[in-house]
1. Hey, which of the strands (runs of 3 or more DSSP E) in segment 1-63, taking only ones fully inside, have at least 2 residues that are at pLDDT below 90 and closer than 14 Å to VAL266 by Cβ?
2. Name the one entry in SER194, SER204 that is touching a helix residue (DSSP H, G or I) at 6+ places or on another chain (Cβ under 8 Å), of a type in the set (Gly, Ala, Ser) and at pLDDT below 75.
3. Please determine whether any residue of segment 94-103 is among the hydrophobic types (A, V, I, L, M, F, W, C), modelled with pLDDT of 85 or more, touching a helix residue (DSSP H, G or I) at 6+ places or on another chain (Cβ under 9 Å) and closer than 14 Å to ILE162 by Cα.
4. In this structure, is THR268 under 22 Å from LEU214 (Cβ atoms), at pLDDT 75 or above and open to solvent by 50 Å² or more (accessible area, probe 1.4 Å)?
5. Name the single residue that is surrounded by the most Cβ atoms within 10 Å (Cβ to Cβ) among those in segment 64-76 being in a loop (DSSP other than H, G, I, E, B), at pLDDT below 90 and touching a strand residue (DSSP E or B) at 6+ places or on another chain (Cβ under 9 Å).
6. Could you count how many residues in segment 276-306 are of a type in the set (A, V, I, L, M, F, W, C), crowded, with 16+ Cβ neighbours inside 10 Å and at pLDDT below 75?
7. Which condition from (1) modelled with pLDDT of 90 or more; (2) open to solvent by less than 30 Å² (accessible area, probe 1.4 Å); (3) among the polar types (S, T, N, Q) is the one that THR119 breaks?
Amino acid sequence: MDDDEYAKLIRRMNPPRVVIDNNASDDATVIQVDSVNKHGTLLEVVQVLTDMNLVIKKAYISSDGGWFMDVFKVIDQDGNKIRDTQVLDYIQKRIESNAGWFIPPLRSSVGVMPTDEYTSIELAGTDRPGLLSEVSAVLTDLHCNVVNAEIWTHNTRAAAVIHVTDNSTHSAITDPIRLSTIKELLCNVVRTNSGSRAAKTVFSCSDTHRERRLHQIMFDDRDYEGVKRARTSASRPSVTLMNIEKDYTVVTMRSKDRPKLVFDVVCTLTDMQYVVFHGMVSTEPVEAYQVTTQRPSVGISLLTII
């Protein structure tokens, strides 16, 4: 048995254990997660909490060695504990199912197989005024119905994940000739004028979480190398790094708090092949402060947002 198969066996023998307590804290619901550690475990848990529109007030992270243990203090959007037993039961089952299917590894190419319900189209190219309108016009002309879509722009780059169905059948588009036509026309729309980076249009066969996939597309497109727009010192995040013993690096970030900040930070670290080993997260109403310790290709040992 190779190391990968052995690791899978260990995870099956030790599925995640979730304990939810509404009495341990006066102002938050406490969620404790114990699991065999693997790359992406923290992101899986944070994504579940983010999908439920929960606010992470505090978190204590520990994944040194082969075991992962996190404690999250969460509240709803109104600032209250989570009292609905159905919601609590869903959170527990979702995390304990160890559903890592929505976080596949970063990939540079995607197959041309749609899902049964819809066809997922991923776009990447140069941002410009009217781009979304032109993409929508192409899809309309090709009799594609947009089920849902999410578009990100950053540093002159644009990325989108669009789920479409056939207008007449209301199901996924499977005809390879039609898919090829869609790809060609969308590539023409998003193709950069400068020619410095090629436009990308691919069809995905996975049901990847849209925001997770957009993080991957933007990172793969190296949007962080684009022209950065000037921002005031008050709005610009402050990030400092400090190397310590055992090849760890402490990363400290101070910025205004916002929804999904923890999710976005953990996505970025995961895509860069860092692993959070130890940390603490704490958010305040106005701003967030974060300290992270990391080591390339091995892990990040401290992540703190206060």
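1. Details: elements: 17-21, 29-36, 55-62.
Correct list: 55-62.
2. Result: SER204 is the single residue among SER194, SER204 that is touching a helix residue (DSSP H, G or I) at 6+ places or on another chain (Cβ under 8 Å), of a type in the set (Gly, Ala, Ser) and at pLDDT below 75.
3. No: zero hits.
4. Criteria met by THR268.
5. ASP64
6. The number of residues fulfilling the criteria is 6.
7. Unmet for THR119, out of (1) modelled with pLDDT of 90 or more; (2) open to solvent by less than 30 Å² (accessible area, probe 1.4 Å); (3) among the polar types (S, T, N, Q): (1).
The values are calculated or read from the model by the stated rules, or taken from the named source; none is laboratory data. In this text, all values refer to a predicted model and were calculated from it rather than measured experimentally. FYI the Cβ positions are ideal-geometry reconstructions off the backbone, even for glycines, and counts take in every protein chain you see. To get the accessible areas, we keep the full protein, side chains included, count just its heavy atoms, and leave off ligands, DNA and RNA. Shrake-Rupley method; radii C 1.70, N 1.55, O 1.52, S 1.80 Å.
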